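For reference, the structure discussed in these notes is given below.
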Amino acid sequence: MITLPQEFLNRMNQLLQETDQYEAFIQSYDAPPIRGLRLNLKKLIANESSCSPTRITYDRLVEEWNLEPLKDASYIIHKEKKYYREFYMDEEYLLKKGIRPGKHPYHEAGLYYIQGTEAMQAVAHLDIRPFDRVADLCASPGGKSTQAADMLSPELRGFLLSNEYVALRAKTLSSNIERMGITNAAVTNEDTGRLADHFPEYFTRIIVDAPCSGEGMFRKDETAIKEWSLENVRLCAERQKEIVSNAYRMLSAGGKLCYSTCTFEKEEDEDIRDFILTEHEDMELIFEKRVWPHLEKGEGHYIAVFRKAGKDPFENDASSNDASAHIPGNSISAMNYKEVKQKDQIYLIPSFMPDLKGLRTFRSGILKASDLGKRIEPEHALTHAINIYDPEELNNYELSVCNYSSDASETEQYLKGLQIPAPDGVSGKGWVIVTCDGIALGLGKLVNNQIKNHYPKGLRFT
């Protein structure tokens with residue numbers, strides 16, 4: 001039984017008294033929290049194109065895991081078929097099948113992201129196009145950033161700036177960007193005011209999932225309950241006004257801003273909406289929704305999407321491209337990029353990456369390799385970014401592939417950091433990408449029919 005702050009209960013009673021929904025709202029706290037699962041369509045469709053029966057496919061995953069798409073799920077169309085991104089996750093069903101989504105090889109391979117179903121709705125309503133320049137200003141741990149990135153195309157110069165003010169949280173964000181195989185992003189650790197100075201009217205889409213009092217998380221996070229107070233609500237509202245003001249400065253003419261919180265507080269939701277509309281007469285509200293846990297499957301959330309007046313700089317691109325029909329690529333070779341060496345590390349930076357000089361940057365593009373003096377070793381991030389079905393690309397990086405099934409003992413051993421035997425028929429030596437049902441997990445080194453483990457220590461299963 002969850003014990004909620006009395007002042008919070010009083011405020012919710014007042015907020016819901018007109019609709020007579022207070023009792024149903026309180027009763028929703030007796031139910032377990034609901035999580036969703038968002039598929040990485042870039043990796044899945046690349047895997048599907050291999051036409052191998054041993055590869056995990058979209059249809060197989062959706063059927064075997066009993067996934068149901070959200071009502072307003074985003075999608076792409078490939079060969080006259082819809083591929084949805086956002087799904088409800090039936091955790092009771094998965095548990096009965098012995099599947100733990102957070103500790104599954106597919107999770108480590110970046111095949112999906114576990115996220116609240118309510119949180120997925122914000123980005124889905126932002127209308128991100130494959131060629132947009134997107135900023136996520138309060139991004140950790142990366143749910144909305146990685147969702148936006150799956151809608152962007154490196155081939156069409158789509159770019160993501162994913163920012164987190166708290167350095168430790170920025171590290172987690174960077175790790176998730178890497179796991180999902182995102183090549184066209186930069187992760188920064190900055191104050192939004194400094195970003196606004198650096199990128200005036202630059203971004204065509206901006207996400208502000210603002211730090212808030214966290215009331216919508218009470219059902220799954222006891223810390224949020226302990227930290228709640230009226231003073232914190234007011235502090236959050238002041239911080240939110242500062243962040244959305246900086247977001248406005250960064251938003252291009254014709255651009256769209258999505259503001260969201262995981263709180264029910266009017267002071268942090270509708271009052272911030274009114275602040276944006278009052279302070280900036282050229283901003284128009286085009287979508288608004290409250291997600292209530294007693295009315296739909298999910299936790300609490302508030303979403304508001306605004307459009308800035310003026311001509312969209314990508315208006316011509318918009319008229320000639322159907323975002324839902326575009327199949328995002330997952331291949332560095334298809335991008336224009338440059339090698340940049342920073343100390344002993346070699347990065348692949350997209351040519352369209354904006355200048356980040358002077359900003360605290362955690363990652364930019366993809367970490368390709370480390371120069372150890374006598375030899376150059378590939379890096380883990382590269383395995384998640386390249387197209388493992390492109391022989392030319394594999395040859396370019398002097399890599400080969402060793403595939404195992406998701407339920408093979410070798411897969412579990414690899415994720416624990418152990419040495420594993422090479423698959424039947426594989427011989428020779430050199431660097432390999434260890435894959436699970438065709439999806440990259442990480443690096444190994446083939447020697448005498450054994451694969452020496454190079455899976456990062458911080459990611460290993462215990």
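Remarks
- FRET E, pair residue 19, residue 271, Förster distance 25 Å, beta-carbon r, rounded to 0.05: 0.85
- Two-decimal log10 I(q)/I(0) for region 399-462, as the Debye equation yields it once each C-alpha is a single scatterer, q = 0.14, 0.16, 0.23 Å⁻¹: -0.32, -0.42, -0.89
- Local net charge near residue 194, Cβ-Cβ under 13 Å (Lys/Arg +1, Asp/Glu -1): -1
- Ordering 269, 197 from the fewest to the most neighbouring beta carbons within 10 Å gives 197, 269.
- Counting DSSP beta bridges with both ends in the chain, the antiparallel % (nearest 5): 70
- Note on region 88-168: Cα-only Rg and Dmax are 14.8, 43 Å.
- Annotation: the residues 361, 172, 117, sorted from fewest to most other C-beta atoms within 10 Å of their own C-beta, follow the order 172, 361, 117.
- Per-selection Kirkwood Rh - the chain (Cα, Å, 1 d.p.): 23.2
- Stretched out straight at 0.36 nm per residue, the stretch from residue 80 to residue 253 would grow longer than its current Cα-Cα span by 58.9 nm.
- Local charge for residue 438 was computed over the other residues whose Cβ lies under 10 Å away, with Lys and Arg +1 and Asp and Glu -1, and equals 0.
- Stretchable slack from residue 317 to residue 278, in nm (0.36 nm times residue separation minus alpha-carbon distance): 10.9 nm
- Inter-label distance, nm, simple model (7 Å from Cα along the C-beta direction), residue 377/residue 172: 2.8
- Report summary: the helix-based calculation at 222 nm, which adds -39500 (n - 2.57) for every DSSP H run with n ≥ 4 and divides by the residues of the chain, gives -8000 deg cm²/dmol.
- Excluding exposed DSSP-loop GluC sites (Glu not before Pro) (at most 11 other C-beta within 10 Å), longest clean stretch of the chain: 81-280
- Length released on extending from residue 68 to residue 408, taking residue separation times 0.36 nm less the Cα-Cα span: 119.7 nm
Just so you know, all these numbers are worked out from the coordinates, no wet-lab data involved. Since the model is a prediction, treat every value here as computed from it, not as a measurement. Using ideal geometry, Cβ is built from the backbone for each residue, glycine included, and neighbour counts are taken over all protein chains shown.
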